[in-house]
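Below: the structure, in structure tokens.
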Amino acid sequence: MSATAAAPESQAGRVWARFRRHRLALAGGMVVALLLASALFAPVLAPQDPTLLDTALRFRAPFADWHFPLGTDELGRDTLSRLLHGGRVSLTVGLVAMVTTVMTGALIGIAAGYLGGIADTVLMRFVDTMLCFPQVFLLLVVAAFVPPTLVSISLVIGLTSWMEVSRIVRAEILHLKEQDFVAAARALGASRARIMFRELLPNAAAPILVAATLKVASAVLMESYISYLGYGVQPPLASWGNMLTNAQGYFDTVPWLAILPGAAITLTVMGFNFLGDGLRDALDPRLRMDP
Amino acid sequence: MAEPLLEVAGLQVHFPIRSALLRRRIGTVRAVDGVNLSVARGETLALVGESGCGKTTTGKAILRLIEPSGGSIRFGGEDIARHSQAQLAPFRRRMQIVFQDPYASLNPRMTVGGILAAPFEIHRIGDARDRADRVAALLRTVGLPPEAARRYPHEFSGGQRQRIGIARALALEPELVIGDEPVSALDVSIQAQIINLMKRLQAELGLAYVMISHNLAVVSHVADRVAVMYLGRVVETAPRETLFFDARHPYTQALLSAVPEPVPGRRRARQVPQGDVPSPASPPSGCHFHPRCPHAMPRCAQEAPASRIVASGHAVACHLEAP
Amino acid sequence: MIGFVARRLLQAIPLLIGVSLIGFGLMHLAPGGPLAVYTLNPTIQAQDIERIRIIFGLDQPIHVQYVKWATGIFSGNWGYTFFGGRPVLDVILERLPATLLLMGSALSVAILLGLSIGVLGAVKRYSVFDVLATTGALFALSFPTFWFGLMAIFVFAIELRWLPSGGMWELGEEGNILSLLQHLVLPTLVLALVITATWSRYSRSAFLEVMHQDYMRTARAKGVPPRARLLRHAFPNAAKPLIALLGVEVPFLFSGALVTETIFGWPGMGRLFVDALGMKEYPVLMGMMMFTAIFVILGNLLADIAIAAIDPRVRLR
Ligand SMILES: Nc1ncnc2c1ncn2[C@@H]1O[C@H](COP(=O)(O)OP(=O)(O)O)[C@@H](O)[C@H]1O
Ligand code: SF4
Ligand SMILES: [Mg+2]
């Protein structure tokens with residue numbers, strides 16, 4: 001129903017808006033699929049060895065030489081090959097971090113939501129406390145102290161970003177646990193563990209899936225940022241973040257060295273965000289439209 | 001009379017009312033405020049009362065799905081009101097419940113087969129093959145095809161879902177089943193089918209029922225005895241015929257006058273209760289019914305009436321019955 | 001109202017204790033303790049490390065260290081830097097103005113812009129403008145802030161040469177307001193991008209919600225003109241979720257400021273944090289964790305109080 005006379009909401013406009021959302025989600029999904037495929041097949045797709053250096057071939061421009069389709073960097077390494085292998089690293093970290101985030105968040109959210117009482121109070125106070133720290137601060141402090149390996153980086157990102165997920169899952173569980181199918185399970189004598197993981201968890205799948213998709217985006221972003229600052233993926237292993245660190249030194253002369261990895265990060269983050277946004281619309285009307 | 005299967009005495013369930021922000025306790029909902037009832041083996045007791053009077057809470061508290069705040073629940077002679085979950089385990093097989101809403105009572109993410117196998121998994125009965133056979137047998141018992149096991153709850157109608165809920169309740173071969181308005185969410189045409197199914201199962205399996213309803217007419221076919229509830233308390237208990245022909249409590253009389261022709265040929269003046277149902281968060285003093293009662297006396301506002309046996313199996317909680 | 005404020009203040013205390021425990025724990029959970037990194041540094045002698053350990057009390061039991069540190073925090077003694085031995089609180093406070101300036105200018109730009117976009121989008125829902133704005137916000141939220149900063153430097157500082165690429169003043173021009181403003185433009189733009197997107201989305205949904213309420217229909221039926229309806233009826237009611245947003249946004253603001261400051265060499269707290277990280281200055285890092293957390297708690301507190309001031313019903317709960 002239209003709210004003000006000044007704003008008649010046309011039917012066509014509404015349809016367009018809905019279609020656009022789906023189109024964006026669809027595009028996001030396709031981008032994600034392409035990225036995953038290119039990461040998976042990076043060794044096959046990459047025209048060169050990404051670590052092979054040849055200073056005679058420094059700073060080749062993109063699209064000039066089909067041996068180096070996107071040019072070369074300050075050490076003569078092939079940019080396309082480094083982008084593909086870097087994508088592999090970034091997506092691996094993104095996915096492992098997401099799994100860590102979702103598992104931690106879901107576990108804490110379910111426990112707090114279903115057990116209630118003191119467990120709920122203690123866990124949620126812990127979440128509130130963790131949320132008092134700006135995420136980048138928390139992440140950097142921990143990242144700076146652990147020896148950077150792909151696993152440790154993923155774990156650090158995952159373990160500093162699960163709080164939101166636990167809140168989402170807890171809210172969902174609070175709503176679900178009042179339903180009679182849970183009472184039925186209790187009447188049958190089901191254990192708490194069975195109720196939490198067999199009855200409740202599968203019903204919270206939709207918001208968890210949405211959160212998981214969005215968390216890949218933020219984990220990729222975080223990885224690129226800490227790698228850019230030097231606390232993440234270490235050279236010679238390429239990641240989009242540490243490619244940017246090097247490129248910054250040659251900004252005025254060879255800007256594409258900074259443009260390409262940044263564009264790759266942006267594309268990835270957008271792909272997962274749009275997909276997640278579309279999934280939210282499609283799966284969970286109650287979550288719709290909160291920013 | 002032999003010892004009853006279930007005997008509930010002085011059952012109370014109080015819910016705290018908490019402030020939204022600080023979660024401080026700012027009041028109490030006395031949803032169940034001293035309920036007495038008993039059920040014999042193989043018998044059907046109807047628990048009747050207006051919506052919100054505490055029937056569901058009573059039923060769930062008996063099964064310890066909601067923690068009772070006071071009173072005793074004797075099942076097979078043993079008071080289970082304060083049993084731990086471990087102590088309750090053997091009783092879980094003996095008492096079951098069929099819920100009011102057939103949509104909320106089946107896990108939407110489980111197949112019907114999974115839902116019906118759960119009781120056997122939880123109690124470690126049989127292996128996978130054996131459980132599949134048992135599920136098929138349960139489905140047959142409630143009149144559903146064995147293929148139903150592979151499908152999800154949303155693929156079934158309300159009546160079919162209620163059959164699944166009944167099958168689940170019967171899986172562990174209980175002695176008592178609490179039916180919490182099992183047909184009130186169904187189409188009238190389906191209601192009779194489900195009631196008849198439950199009656200048939202009772203005859204075959206020797207079940208005792210507590211049939212909860214807000215509608216006297218529905219329970220009049222199935223009940224052996226009827227307990228009438230008002231605002232957290234049972235005000236009158238009587239054998240079915242006695243209740244319909246010789247109701248003593250003013251509230252029961254008012255309920256009966258609102259029932260369209262409960263028994264053909266009976267005549268009585270219509271006495272619709274006046275005023276709204278008070279809230280269980282601030283129940284009236286003394287007899288909870290006194291603000292709406294046409295016979296209220298000064299004493300009624302001061303003193304809660306005790307339950308008195310007025311005839312065999314007929315108990316009334318009203319000062320009019322005072323000696 | 002006073003009771004409400006007092007209650008909320010009391011509730012902040014366990015949060016503060018939790019924050020200090022986590023902040024302290026993180027530093028000491030680092031493998032080998034806070035001084036481990038120095039043992040790997042060949043330019044630092046073993047006896048120097050031992051000296052630092054004793055001066056900073058790192059040889060004492062951990063709970064003694066915590067109690068000392070935490071009581072210090074609450075009494076204004078935040079400890080001293082490993083290098084230079086300056087009071088940590090001074091070091092932090094000295095960077096505060098630059099950060100507040102950056103956050104303030106970015107927040108003002110973002111709120112002004114985001115609110116206008118959101119309200120316009122809500123009033124003309126599903127118009128071309130609304131669709132472009134909501135899509136644009138979605139894009140902006142996916143932009144990596146630090147890369148956006150690098151690109152802004154590339155375009156506006158290197159290619160177009162319109163604006164300086166970093167720092168707060170031109171060398172030798174410290175105190176020149178014009179120079180400061182020039183240096184402020186790009187960091188503000190970068191930090192404001194994501195906040196603008198968040199604000200436009202939030203205010204759009206807040207206004208859409210409000211516009212469907214009964215009192216808006218009543219006002220319309222009574223013939224109140226659209227502009228007055230928006231200003232007098234919609235705004236006060238949509239303000240509550242937006243004030244709450246302001247409260248919860250504080251940690252994001254700090255995170256964003258940190259990223260922006262490192263890109264632009266803006267001499268604020270974020271820059272300090274990254275520098276301290278590089279030097280493993282535990283006292284400074286711990287201090288900054290506490291400092292930002294206190295800001296976050298204060299932000300939520302003030303937002304709650306502001307909401308309670310607008311809506312008396314909140315106080316009663
Ligand atoms: N979990 C709960 N918390 C607070 N009040 C409740 C809760 N469950 C039920 N109530 C209240 O208890 C009263 C009885 O509810 P219920 O047992 O569902 O009634 P009935 O089944 O007879 O309709 C109602 O006033 C209801 O609002
Ligand atoms: S006790 Fe009094 S008020 Fe209650 S039902 Fe009997 S007569 Fe009415
Ligand atoms: Mg009920």
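The values are calculated or read from the model by the stated rules, or taken from the named source; none is laboratory data. Since the model is a prediction, treat every value here as computed from it, not as a measurement. Glycine gets a Cβ as well: all are built from the backbone with ideal geometry, and neighbour counts include every protein chain shown. Side chains are part of the model used for accessible areas, which takes the heavy atoms of the whole protein and leaves out ligands, DNA and RNA. Shrake-Rupley method; radii C 1.70, N 1.55, O 1.52, S 1.80 Å.
Output the residues belonging to the stretch C:116-134 that are free of Cβ contacts under 8 Å to residues at least 12 places away in the same chain, facing chain A (nearest Cβ under 7 Å) and either farther than 23 Å from residue A:25 by Cα or of a type in the set (Val, Ile, Thr) (or both).
The answer is C:124, C:131.
Name the helices (runs of 4 or more DSSP H) wholly within the stretch C:192-281 that hold at least 3 residues that are surrounded by fewer than 23 Cβ atoms within 10 Å (Cβ to Cβ) and either more than 8 Å from every other protein chain (Cβ to nearest Cβ) or in contact with a Ser or Thr (Cβ under 6 Å, 6 or more places away or on another chain) (or both)?
Counting at least 3 such residues, we get C:214-221, C:235-248, C:269-279.
Kindly check whether there is at least one residue in the stretch B:38-61 that is over 24 Å from residue B:217 (Cβ atoms), within 16 Å of ligand 3 (Cβ to nearest atom), modelled with pLDDT of 95 or more and of a type in the set (A, V, I, L, M).
Yes, there is a match, as at least one residue in the stretch B:38-61 is over 24 Å from residue B:217 (Cβ atoms), within 16 Å of ligand 3 (Cβ to nearest atom), modelled with pLDDT of 95 or more and of a type in the set (A, V, I, L, M).
With the structure loaded, tell me whether residue B:147 is surrounded by fewer than 18 Cβ atoms within 10 Å (Cβ to Cβ) and away from chain A (no Cβ under 14 Å) or whether it fails that test.
yes
Inside the stretch A:144-158, can you point out the residues that are within 11 Å of chain C (Cβ to nearest Cβ) and open to solvent by less than 10 Å² (accessible area, probe 1.4 Å)?
Matches in the stretch A:144-158: none.
So in the stretch B:50-69, with the set limited to residues that are at positive phi and touching a residue at least 40 places away in the same chain (Cβ under 8 Å), which one is farthest from ligand 2 (Cβ to nearest atom)?
Looking at the filtered set, the residue picked out is B:52.
Please find, among B:228, B:235, B:218, the residue that is within 16 Å of ligand 1 (Cβ to nearest atom), at pLDDT 90 or above, out of contact with any Leu (no Cβ under 9 Å at 6 or more places or on another chain) and more than 14 Å from every other protein chain (Cβ to nearest Cβ).
Of B:228, B:235, B:218, the one residue that is within 16 Å of ligand 1 (Cβ to nearest atom), at pLDDT 90 or above, out of contact with any Leu (no Cβ under 9 Å at 6 or more places or on another chain) and more than 14 Å from every other protein chain (Cβ to nearest Cβ) is B:235.
Residues being at pLDDT below 80 and among the aromatic types (Phe, Trp, Tyr): count how many of those fall in the stretch C:11-63.
2
In the set B:254, B:315, B:311, B:322, which member is more than 16 Å from ligand 1 (Cβ to nearest atom), touching a Pro at 6+ places or on another chain (Cβ under 8 Å) and modelled with pLDDT of 85 or more?
It is B:254.
Of all residues being of a type in the set (S, T, N, Q) and in contact (Cβ under 8 Å) with a residue 24 or more places away in the chain in the stretch A:159-203, which is farthest from the other protein chains (Cβ to nearest Cβ)? Just the residue, please.
That would be A:166.
Listed here are the residues, each with its yes/no results for (1) open to solvent by 20 Å² or more (accessible area, probe 1.4 Å); (2) over 22 Å from residue B:115 (Cα atoms).
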| position | (1), (2) |
| --- | --- |
| B:153 | no, no |
| B:157 | yes, no |
| B:174 | no, no |
| B:189 | yes, yes |
| B:192 | yes, yes |
| B:201 | no, no |
| B:225 | yes, yes |
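Those residues that are within 14 Å of ligand 2 (Cβ to nearest atom) and in contact with a strand residue (DSSP E or B) (Cβ under 9 Å, 6 or more places away or on another chain), I need them from the stretch B:302-322; list them, please.
Answer for the stretch B:302-322, where residues must be within 14 Å of ligand 2 (Cβ to nearest atom) and in contact with a strand residue (DSSP E or B) (Cβ under 9 Å, 6 or more places away or on another chain): B:304, B:305, B:307, B:308, B:310, B:315, B:316, B:317, B:318, B:321, B:322.
Considering the stretch B:101-115 alone, what residues qualify as being crowded, with 21+ Cβ neighbours inside 10 Å and within 11 Å of chain A (Cβ to nearest Cβ)?
Passing the criteria: B:102, B:105, B:106, B:107, B:115.
Let me confirm something: among A:95, A:91, A:80, A:115, which residue is within 14 Å of another protein chain (Cβ to nearest Cβ) and either on the phi < 0 side of the Ramachandran plot or crowded, with 23+ Cβ neighbours inside 10 Å (or both)?
Result: A:115 is the single residue among A:95, A:91, A:80, A:115 that is within 14 Å of another protein chain (Cβ to nearest Cβ) and either on the phi < 0 side of the Ramachandran plot or crowded, with 23+ Cβ neighbours inside 10 Å (or both).
Taking residue C:216, is it hydrophobic (A, V, I, L, M, F, W, C) and in contact (Cβ under 8 Å) with a residue 40 or more places away in the chain?
no
One residue is enough: does the stretch B:232-251 have a residue meeting the conditions small (Gly, Ala, Ser) and buried (at least 24 other Cβ atoms within 10 Å of the Cβ)?
Yes, there is a match, as at least one residue in the stretch B:232-251 is small (Gly, Ala, Ser) and buried (at least 24 other Cβ atoms within 10 Å of the Cβ).
Return the pairs, sorted by first residue and then second, in which the second residue is outside any helix (DSSP H, G or I) and hydrophobic (A, V, I, L, M, F, W, C), the first residue lies in the stretch C:143-166 and is free of Cβ contacts under 8 Å to residues at least 12 places away in the same chain, the beta carbons are less than 8 Å apart, and the residues are 6+ apart or on different chains.
Pairs that qualify, where the first residue is free of Cβ contacts under 8 Å to residues at least 12 places away in the same chain and the partner is outside any helix (DSSP H, G or I) and hydrophobic (A, V, I, L, M, F, W, C), are C:154/A:251; C:158/A:251.
Would you pick out the residues in the stretch A:209-264 that are free of Cβ contacts under 8 Å to residues at least 24 places away in the same chain, at the interface with another protein chain (Cβ under 10 Å from one of its Cβ atoms) and touching a Phe, Trp or Tyr at 6+ places or on another chain (Cβ under 9 Å)?
The answer is A:228, A:244, A:248, A:251, A:252, A:255, A:258, A:259, A:262, A:263.
State yes or no: is residue A:255 of a type outside the set (S, T, N, Q), over 30 Å from residue B:106 (Cα atoms) and out of contact with any Leu (no Cβ under 9 Å at 6 or more places or on another chain)?
yes
Quick check on my filter: what residues within the stretch B:148-193 are in contact with a strand residue (DSSP E or B) (Cβ under 9 Å, 6 or more places away or on another chain) and away from ligand 1 (no atom under 16 Å from the Cβ)?
B:162, B:165, B:166, B:168, B:169, B:170, B:171, B:172, B:174, B:175, B:176, B:177
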